[in-house]
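Notes follow the structure.
What follows draws every value from the coordinates through simple rules; no lab data is involved. Here the structure is a predicted model, which is why all the values come from computation and not from measurement. Glycine also receives a Cβ, built like all others from the backbone with ideal geometry; neighbour counts cover every protein chain displayed.
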């Protein structure tokens, strides 16, 4: 599996509506700041890397975090985007990993 070099991804609000969103009330400090491109995914539960149609593991591309209490991914979980280049074909997978932020 080829690895994409890691990049920090910091969401920048583009509208006044986005800038005025309230922060999390109860989630830990890192919640909402775990966005990333490349590197290794922050699997919250057991690692489940999907396989493409050729049978090989897919490559991690991006990780998206929740934004606030109203725009939350599965109980403060993360959303992973993976891909696999196989010849002229590209397979994509989106994996939602939910986690309890109260534990």
Exercise. Counting helices only, and only those DSSP H runs with n ≥ 4, report the 222 nm mean residue ellipticity of the chain as the sum of -39,500 (n - 2.57) divided by its residues, in deg cm²/dmol to the nearest 500.
Key: -500 deg cm²/dmol
Quiz item: Top mean-square fluctuation among 27, 47, 18, Gaussian network model of the chain, C-alpha springs under 10 Å?
Solution: 18
Quiz item: Can you sort 35, 51 so the residue with the fewest Cβ neighbours within 10 Å comes first?
Solution: 51, 35
Practice problem: Return the FRET efficiency for the residue pair residue 56, residue 12: r is the Cβ-Cβ distance, R0 is 35 Å, and the value is rounded to the nearest 0.05. | Solution: 0.50
Quiz item: Which entry in (i) 48, 23, 15; (ii) 28, 16, 11; (iii) 29, 18, 14 matches semi-axes √(5λ) of the Cα gyration tensor in Å derived from the coordinates of this structure?
Solution: (ii)
Practice problem: Just subtract the alpha-carbon distance of residue 20 and residue 47 from 0.36 nm times their residue separation and send over the number in nm, one decimal. | Solution: 6.2 nm
Exercise. Pop the C-beta distance of residue 68 and residue 3 into the FRET formula with R0 = 30 Å and round what comes out to the nearest 0.05.
Key: 0.45
Practice problem: For the stretch 12-50 and the stretch 62-82, compute the distance between their C-alpha centroids and round to whole Å. | Solution: 6
Quiz item: What FRET efficiency comes out for the pair residue 90/residue 30, r = Cβ-Cβ distance, R0 = 35 Å, nearest 0.05?
Solution: 0.65
Quiz prompt | Shape of the stretch 1-50, Cα gyration tensor, a/c cut at 1.5 | solution = oblate
